[in-house]
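Single-structure report; data block below.
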Amino acid sequence: MSDEDRDVLSAITNQVASAIENANLYHELKETFYGTAQALAETIEKRDPYTGGHTQRVMSYSLDIGRMMGLSDHDTEELRLAAILHDIGKIGVRDSILLKNDRLDVDEALIMNQHTKFGSEILAHIKTLHHIIPGVRNHHEKFDGSGYPDGLSGDAIPLIARIIAVADTFDAMTTDRPYRKALPRQTAVDELIRLSGTQFDAEIVLHFVRSLSMMKETACC
């Protein structure tokens, strides 16, 4: 091997080593970023013992829907982050409402509904999270336009928000709340189907129901 060949090989080796180092650093930074986002979400959950694990389940359900829909890796990453942070705005809701052991009255519900706006305002300060704001702000919109905070309808509702809406509602129905016991899973599924096309995107509900069926089949085998 000539000196020139050695120099070329050395240069290539250094470039590969640098690329590997940068990739490892990117992976570490990415994991730190997701860990921080998860910690922020869990901070909210610590205030309300009835919602423990809610964020993790909503993220899992959302990603199941995303896989069934064949989302790209990029869109899946956006969905994952938006699902993790979808309730971050509840940090701006006072405990007397957030922790109330009964159904909220009309005025209290209006205040609680502000959490989607609070969440979008919080994330607006973080440039790298601007792309997930629609999922956080609009996950309580309804397909028929009767939701909040912007009264969006149909495909005008961002896709990640439509996905999180189904996952979030299913988890809310199937977990205990201070004012009611959890619904059976099949009852919750039937409710999602009943509200398809009005509250929820029917296609997303269909993908979610299919993902639940696949999970059930896997668990049985």
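The values are calculated or read from the model by the stated rules, or taken from the named source; none is laboratory data. Note that this is a predicted model, so its numbers are computed, not measured. In this analysis, Cβ positions are derived from the backbone assuming ideal geometry, glycine residues included, and neighbour counts consider all displayed protein chains.
Looking for whichever is of a type in the set (G, A, S) and without any contact (Cβ under 8 Å) to a residue 60 or more places away in the chain here; the options are S211, S196. Which one fits?
Answer to the check: S196.
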task = May I ask you to list pairs of residues, at least six apart or on different chains, whose Cβ atoms are under 6 Å apart, with the first in segment 72-85 being under 16 Å from T55 (Cβ atoms) and assigned to a helix (DSSP H, G or I) and the second being among the polar types (S, T, N, Q) and at pLDDT 95 or above?
result = L79/S62; A83/S62
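Out of everything in segment 118-169 that is of a type in the set (D, E) and in contact (Cβ under 8 Å) with a residue 24 or more places away in the chain, what residue ends up being nearest to A202 (Cα to Cα)?
Of everything passing the filter in segment 118-169, D144 is nearest to A202 (Cα to Cα).
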ask   = Going by the structure shown, is L85 among the aliphatic types (A, V, I, L, M) and surrounded by fewer than 20 Cβ atoms within 10 Å (Cβ to Cβ)?
value = no
task = Considering each residue of segment 190-221, count those that are modelled with pLDDT of 95 or more and more than 26 Å from A156 (Cβ to Cβ), and give that number.
result = 1
ask   = With respect to A161, is the statement that it is small (G, A, S), closer than 27 Å to S72 by Cα and in contact with an Asp or Glu (Cβ under 7 Å, 6 or more places away or on another chain) true?
value = yes
request  = Determine which single condition M173 fails, assuming it passes every other condition in (1) without any contact (Cβ under 8 Å) to a residue 24 or more places away in the chain; (2) farther than 18 Å from E78 by Cα; (3) more than 17 Å from the chain's Cα centre (by Cα).
outcome  = (3)
ask   = For D102, are the conditions met, namely being in contact with a helix residue (DSSP H, G or I) (Cβ under 8 Å, 6 or more places away or on another chain), modelled with pLDDT under 90 and loosely packed, with under 14 Cβ neighbours inside 10 Å?
value = no
task = Test Y50 against the criterion of being closer than 20 Å to V166 by Cα, in contact with a Ser or Thr (Cβ under 9 Å, 6 or more places away or on another chain) and at pLDDT below 90, and give yes or no.
result = yes
request  = Sort out which residues of segment 172-196 are closer than 13 Å to V209 by Cα and among the charged types (D, E, K, R), and write them in order of number.
outcome  = R185, D190, E191, R194
ask   = So G89 clears everything in (1) more than 19 Å from E42 (Cα to Cα); (2) in contact (Cβ under 8 Å) with a residue 40 or more places away in the chain; (3) small (G, A, S) except one condition, right? Which one?
value = (1)
